[in-house]
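First up is the structure itself, then whatever we jot down about it.
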Amino acid sequence: MPLIGAPVRRVEDARFLTGQGRYVADLTLPRMLHVAFLRSPHAHAGIVSIDAHPARELPGVLACITGDEIATQARPMRAESRMAGYHPTECPPLARGKVRFAGEAVAAVLAESRYTAEDALELVDVRYATLPVVGTPEAAMAGGAALVHEAAGSNVLLTRAFVQGDVDGAMRDAALVVGDRFRFHRHAGVTIENRACLADWNPGVGELTLWSSTQVPGLLREGLAALLDLPVHRLRVVAPDVGGGFGVKSALYPEEVAVCALARLTGRPVQWVADRREDLLTSTQAWDETIDAELAVNADGTIRGLRARVVADVGAYSIHPWTAAIEVVQVISFLPGPYRVEHYRGEAWGVATNKAPMGPYRGVGRPVSTFVTEALVDRAARRLGMDPVALRLRNLIRPDELPYRSPSGVVWDSGSFVESLERARDAAGYEHVRAEQERARRAGRYVGVGVACYVELTGVGSAIPASPGAAISTGTEGATVRVDPGGTVTASFGLACHGQGHETTLAQVVAEELGARLEDVRVVSGDTAAGPVGTGTYASRSAVIGGGAAILAARALREKALAIAAHLLEVSADDLTLGDGRATVRGTPHRGLTLREIAGAAYAGAKRLPKGMEPGLEATRFYDPYFGTASNATHIAVVEVDPETCAVIVRRFVVVEDCGRIINPLIVEGQAIGGVAQGVGAALLEEVVYADDGQLLTGSLMDYLVPTAAELPAVEVVHLEHPSPTTLGGFKGVGEGGTIGAPAAVANAIADALQPFGMELSELPATPDRLFRLLSRPRTTSSPETP
Amino acid sequence: MKPVKFDYHAPASLDEALALLRRYGGDAKILAGGQSLMPLLNFRLSRPAALVDLNRIPSLAYIEEHDGQVRFGAMTRQRMIEFSPLVARRLPLLREATKWVGHLPIRTRGTIGGSIAHADPSAEYPAVLTALDGEVVARGPKGERVVKAKDLFVTYLTTSLEPDEILVEVRLPATDAGAGFALEEFARRHGDFAIVAIAALVVPDGARCRAARLATAGAGPVPVRLRAAEQILERDGLTDAAIDAAAGRAAELVSPDSDIHASADYRRHLTAVLTRRALRRALRVAHG
Ligand SMILES: Cc1cc2nc3c(=O)[nH]c(=O)nc-3n(C[C@H](O)[C@H](O)[C@H](O)COP(=O)(O)OP(=O)(O)OC[C@H]3O[C@@H](n4cnc5c(N)ncnc54)[C@H](O)[C@@H]3O)c2cc1C
């Protein structure tokens, strides 16, 4: 049975489930100090003075360092991009001159324990001069608004537009235009493990090691080397076991810069483990966009054009390396969805405010774009009296139209948009659910069905940089595969797993391509000293790019192993097969050599190798998929709304996804279910709330509500398997998809359930209080959608 | 999220505990199940000089019936109450309420005394205590006193107990056979504190209602006894119209606050919805 595609149980689970995982907080080094950061109580204020003396006097405290002092050790971060209309911002490791959001680190106390360090924080006397708080993009763009970054000259950090055709003309000529102002509120990417890092400076060799709970050790190494004035090869960044990332751990954070600088400054290892409050205050947040969007359709339901203006609240800093454009530009990139849209204009603004910085979160931009487009499609169907599935089927890009260049310029290399919708419709028993819905309504119960189709670009190669002119390359990854003299295989990657199961899936790829036994393959990642140059794991890239590199390296080794075996067995390599850890002569199964015997020969050198062959059994290969490949799915949610309590219960959830060739169906299913859980949370529960004065009101998990198993339905996952025509291995990314479709499907289901009340839903999360206000609004007979 | 330094004492008797409280002159905190106190300490919102841990005083955990009352030692775990046959028989409303308190691990540590002394207005036990006209026994330097539910809750997280008093016992009148009860709650997630909850008890008497008891959680700074709504039922019986009228009246009797989870208007609306639902279900329970 082939290993690629096999439902292999995750090899890492035994470790995690028995508490044997090793996270940054589990690491301790001799002479290690603990750092606690003093965090600004104000959202926007000048720092007048800092008196750290009393803190330094406390027994057990080694140092209390301020922004000005650490500035001699580390430069401020600056996320560059040549995108027109973009203003970078400077973010120092500790605030200097002023603070820009409540929770920004102002000073660092180094002590023998975290307890002492926190006691000392209370003794640091900081005098602030409060500044007007820039609370919303509207306020930030108003004339005379205070500037978050004086040096940027404006609170608008970026503007961007994608235009195709004549969208205004399309709107004029269309039989129907539906539109609304949509709002997707601010979101936090809550990981089980809070952020944490530990830095150790070795003055003898002039080398710094950083262990960090990060998705991107490679990006961190490059970024930190520049900020700390160290050659890249004097920095090692290790991501040990990491308890979830979801995009939140894909940026370089000021705390990471600070612990490195502090370790070098004090000559002692320095550890910081964020508590939940710090994590909610300072980790990058997501979405927070207002979208004015209109969809123009013909009387028969054919989409003619789509027009949107998206304003994003990007918070206080443009994060390194993704910039403040990461979320909002993806919204306008993906708004047209998997539909044929001839005329399009999408405009984006990224506006700075005094809140925690905006960053990438599972799905990036697409949860928001899918919410908006799918809501408009449903409204168009309702206004035309069409079934929402029928209207979608009319507009989805068909297989014969692929590859298809979307109006924002993204090329869909492949896709099963129509098929996934049809299969989802059948899997959900759509007609049956509609009939149930009718019966329920007659009994005074409000059931709704919501459909969401999406397509996303995964495994993005070098042709599409993270942002135009970005200083980093995110399109390639490498794999080093080594067969040691013991015949066991180590495959090392620049990727960094934080829950995806790479130790299983990448081992499956390597074992099959090389012909090794699965249990003989060990995957190593997350350590810049242990693998080839790479960046890390984000953007649904690891299976595609890392898997591609693994295939190339494993194939190179297979060829060499076969050549060695052929030489030793005195047969032609063509007469050998290599599988399950053994090279065997075709037709003579008892004649063969194990991988261990072949490796033994490889390292024995010239005596046993074909003439001229280099000894060793190790290969490094890099892979660049160039454009990347399209991954798609349809989600269908069935919800019930209690119009009295305004409670929403998700009754059913169907996912029909196509991630190309499947490496491991169990893991694909797990990714889909986990993503849906986060998408349902986004639709119903999770919302970051700031007070008008910029104070975070959701600073604990009592107030920031993530869904629990009790709030989630069983998710039914159906796999379509159309291999990618453009990537090695045929893989497509699947890590983010669940979160992309779910908010839209749940939102549409709620709107569908509430049709008897004549209302639409344009704001997420659909909290009970919001639904209460919607349902209490006086009903109008005229449709709110008429432009 | 590390607490300020504090002394820790684990006395073996109540008298020792009282002496310790006196010694710290109001600067010590009682530790029961720790499910509410520990987060407050970690956030440094509570900064006592000492903790007096009641967990080593075995005599503080019991459930017994006495004089038509079910009496609970303050340190009785919520989980014990959930599975007590006595509670199931004699105080079924409390049993139902217990299932709404947090999650299993929390109920395993959390105590009835802690829940009531903590006085979170969104908590279930204070609502039940209020609905049933229960009382607590407090012991202090001057001996024991009995405090009625209506005199206990002052405002958010504040009771009329003195800092040197220990809540030692909770007393709830046992429910007569033939009574109906229900606790209707709306929370954002399973196990969360109530946005609003209504505890209801009715004693039907043919077409009439001999007694009705209603109290809220989550609809103001303290649990609210909805006496004027009860009176409608005691006057007009448990008809649909009377239940609707009582529900409408309930909404007028509360003055909830707004927070990030729910506006005052929505809480008021929920008070009516849940009162109606609780009464209807209580009536069904009474009719078996
Ligand atoms: C995630 C989570 C969810 C929860 N959900 C709910 C919920 O839905 N509903 C609910 O009601 N509760 C909920 N709780 C709270 C939980 O039920 C607590 O057990 C309860 O509020 C406090 O009881 P405790 O025994 O843990 O008291 P502690 O936390 O030890 O003490 C709480 C306070 O009461 C004081 N105190 C304790 N005992 C005494 C005494 N005998 N005399 C005088 N003062 C005393 C303490 O000094 C302290 O101020 C939740 C808690 C958590 C962590």
Computed over chain A: relative contact order in percent, which uses C-alpha pairs under 8 Å that are six or more apart: 16 percent
Area hidden from solvent between B and A (accessible, protein heavy atoms only, 1.4 Å, total, Å²): 2500 Å²
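Kindly state, to the nearest 0.05, the FRET efficiency for A:S154 paired with B:R208, given R0 = 51 Å and r defined as their beta-carbon distance.
Values: r = 73 Å, r/R0 = 1.42.
The computed FRET efficiency comes out at 0.10.
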Relative contact order for the range B:58-173, counting Cα pairs under 8 Å that sit 6 or more residues apart, in percent: 28 percent
Nitroxide proxy distance, nm - points 7 Å out along Cα→Cβ at A:A175 and A:E401: 1.8 nm
Three-way shape call for the range B:7-53 based on the alpha-carbon gyration tensor, with the a/c threshold at 1.5: oblate
Span from the the range A:550-572 Cα centroid across to the the range A:597-618 one, whole angstrom: 11 Å
A:E112/A:D300 FRET efficiency (R0 51 Å; Cβ-Cβ; nearest 0.05): 0.10
Percent antiparallel among DSSP beta bridges (both partners in chain A, rounded to 5): 80 percent
Protein-protein interface of the range A:669-702, residues with accessible area decrease of at least 10 Å², isolated chain reference, 1.4 Å probe: A:L685, A:V689, A:L697, A:S700, A:L701, A:M702
A:S525 accessible area, assembled protein chains, probe 1.4 Å, Å²: 40 Å²
In sequence order, calculated HN-Hα J values of the range B:45-52 (Karplus, 6.51, -1.76, 1.60; Hz; x Gly/Pro): 7, 10, 10, x, 6, 8, 10, 10
Partners for B:K148 among lysines (Cα-Cα distance below 30 Å; same-chain residues under 8 apart left out): B:K29, B:K99
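Given R₀ = 45 Å, FRET efficiency for A:A435-B:D257 by Cβ-Cβ distance, to 0.05?
Efficiency, rounded to the nearest 0.05: 0.55.
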Bridge type composition, the range A:195-287 - antiparallel percent by DSSP, nearest 5: 70 percent
Pair A:R15, A:Q755: separation of 7 Å Cα→Cβ label points (nm): 5.1 nm
Amide H contacts of A:H320 (H built 1.01 Å from N, under 5 Å, at least 5 apart or other chain): A:L252
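Just to make sure I understand: if all protein chains stay in place, what is the order of A:M702, A:M759, A:M613 by accessible area at 1.4 Å, largest first?
A:M702, A:M613, A:M759
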From phi via Karplus (6.51, -1.76, 1.60), per-residue ³J(HN,Hα) for the range A:524-537 in Hz, x at Gly/Pro: 10, 8, x, 9, 5, 8, 10, x, x, 4, x, 10, x, 10
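When only the heavy atoms of the protein chains count and the probe is 1.4 Å, how do B:S160, A:S40 rank by accessible area, highest first?
Of B:S160, A:S40, the descending order of accessible area is B:S160, A:S40.
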Residues of the range B:180-286: accessible area per residue with a 1.4 Å probe, Å²: 36 Å²
Per residue accessible area of the range B:58-173, 1.4 Å probe, in Å²: 41 Å²
Residues whose placed amide H lies under 5 Å from that of A:M77, excluding near-sequence neighbours: A:C91
Long-range HN-HN contacts of A:A466 with modeled amide H, under 5 Å: A:T474
Value of relative contact order over chain B, rounded to a whole percent, pairs C-alpha under 8 Å and six or more apart: 15 percent
Residues in the range B:157-197 occluded by at least 40 Å² - accessible area, probe radius 1.4 Å, against chain by itself: B:F186, B:R188, B:R189, B:H190
Probe 1.4 Å, accessible area per residue of the range A:477-623, Å²: 39 Å²
For the range A:448-488 versus the range A:75-107, the gap between their alpha-carbon centres in whole angstrom: 28 Å
Whole-angstrom gap from the range A:689-756 to the range A:267-302, using each part's C-alpha centre: 13 Å
Extended-chain gain in nm, criterion 0.36 nm per residue less alpha-carbon gap, A:R608 and A:L29: 203.9 nm
Expected-Rg normalisation [2.2 N^0.38 Å, Cα atoms] applied to the range A:193-286: 1.02
Helix-only mean residue ellipticity at 222 nm for chain A, each DSSP H run of n ≥ 4 adding -39500 (n - 2.57), per residue, nearest 500: -8500 deg cm²/dmol
Shape call, chain A: gyration tensor on alpha carbons, a/c limit 1.5: oblate
Rounded percent of accessible protein surface that carbon and sulfur make up, the protein assembly as shown, 1.4 Å probe: 52 percent
Phi-based couplings in Hz for the range B:92-105 (Karplus 6.51, -1.76, 1.60; Gly and Pro marked x): x, 5, 5, 4, 5, 4, 4, 5, 8, 7, x, 10, 3, x
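The values are calculated or read from the model by the stated rules, or taken from the named source; none is laboratory data. All figures in this text were calculated on a predicted structure; none of them were measured in a lab. Cβ atoms come from the backbone with ideal geometry, glycine included; neighbour counts cover every protein chain shown. Surface accessibility is based on the protein's heavy atoms, side chains included, excluding ligands, DNA and RNA. Shrake-Rupley method; radii C 1.70, N 1.55, O 1.52, S 1.80 Å.
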